[in-house]
Amino acid sequence: MTEAEAVKQRHSVRSYLDKPIEGEVRAQLKELIARCNRDGKLNIQLVLDEPKAFDCLMAHYGKFSGVKNYIALVGKKSADLDEKCGYFGEKIALFAQTLGLNTCWVGASYTKVKNAFNVAKDEKLALVIAIGYGANQGKPHKSKKFDDVTENVQNVPRWFADGVECALLAPTALNQQKFKFSCNGRRVFAKTGRGFFVKVDLGIARYHFEIGAGKENFEWN
């Protein structure tokens, strides 16, 4: 499965089978996380066989079940931490999909478990991603239209339109999709409105845009 195929097939999954992540799948996942940490200067951690985080009232209210594995998105406190966590977190989530795993971004429906992962004094846990073998494959979310998430775009190049369409498949908190894209020649502008986890959402959307548009075709402003 290619990354572009993973974009179309990955949906949020909240129920998981009692099947451990191990062997080559585990090794490849940890390798990518290490690479993302180097590239993004982050401290993302894979937490395995830890059921307590999703054994709480909020998790049950959010209809999570069987979650024993998750990715803790951690990094040094900074203005762009949430966006970086969204960008690199989605890179990991899509790679997980190509490995036969399922995922779900989780902003609040979990409990922080002491000693499950490390957060230094100058770091922050942005959010987590539930991961494992899903009891189902999830369902597509309802998306906005091209005109809803673009500004000042007329006669745009094909790559820009493809990038936006791919971004519309990105998961966002409460399916709010508050990001906006515009372009001037090869330069692409991306911004977001106000709301919960909108900077994380923008990072996710930017990663999707790159997949759809092709990084060789444009430059971020």
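Under the convention that each Lys and Arg Cβ holds +1 and each Asp and Glu Cβ holds -1, the size of the dipole of segment 136-215 around its Cα centre is about 180 debye. Extension gain, Glu216-Lys144: 0.36 nm per intervening residue step, less the Cα-Cα distance, totals 23.3 nm. Taking only the Cα atoms of segment 1-88, the radius of gyration and Dmax are 14.6, 38 Å. Principal-axis analysis of the Cα atoms of the chain puts helix 81-98 at an angle of about 80° to the longest axis. Principal-axis analysis of the Cα atoms of the chain puts helix 158-167 at an angle of about 30° to the longest axis.
Taking Cα centre as origin and charging only the Cβ of basic (Lys, Arg, +1) and acidic (Asp, Glu, -1) residues, the dipole magnitude of the chain rounds to 520 debye.
Overall size of segment 107-221 from C-alpha positions, given as principal axis extents largest first: 53, 37, 27 Å.
Please calculate how many Å² of accessible area segment 1-134 carries per residue, with a 1.4 Å probe and no DNA, RNA or ligand atoms counted. Present the calculation step by step, with values, prior to reporting the outcome.
Working: 6650 Å² over 134 residues.
That works out to 50 Å² for each residue.
Fraction of C-alpha pairs exceeding 14 angstrom in segment 174-221: 49 percent, rounded to a whole number. In degrees from 0 to 90, rounded to the nearest 10, what is the angle of the helix 23-40 Cα long axis to the longest principal axis of the chain? Helix 23-40 and the main axis of the chain meet at about 50 degrees.
When shorter helices are ignored and each DSSP H run of at least 4 residues is given -39500 (n - 2.57), the per-residue value for the chain at 222 nm works out to -10500 deg cm²/dmol. Comparing Leu81, Leu73, Leu57 in a Gaussian network model of the chain where C-alpha atoms under 10 Å apart are linked, the largest mean-square fluctuation is found at Leu57. Normalising by residue count, the chain has a Cα convex hull of 120 Å³ per residue.
Over segment 1-160, calculate the relative contact order: mean separation of alpha carbon pairs under 8 Å at least 6 apart, over the residue count, as a percent.
34
Note the full-extension length gain between Asn155 and Asp80 as 0.36 nm times their separation in residues minus their Cα-Cα distance, in nm to one decimal.
23.8 nm
Restricted to Cα atoms, segment 90-167 shows a radius of gyration and a Dmax of 17.7, 53 angstrom. Taking only the C-alpha atoms of segment 22-151, the Rg (one decimal) and the largest Cα-Cα distance, Dmax (whole number), read 15.2, 46 Å.
Computed over protein heavy atoms with a 1.4 Å probe, the carbon and sulfur contribution to the accessible area of segment 98-221 reaches 48%.
The values are calculated or read from the model by the stated rules, or taken from the named source; none is laboratory data. Quick caveat, the model's predicted, so the values are computed rather than measured. We place every Cβ from the backbone using ideal geometry, glycine too, and count neighbours over all the protein chains shown. In case anyone asks, the SASA skips ligands and DNA or RNA and just uses the protein heavy atoms, side chains included. Shrake-Rupley method; radii C 1.70, N 1.55, O 1.52, S 1.80 Å.
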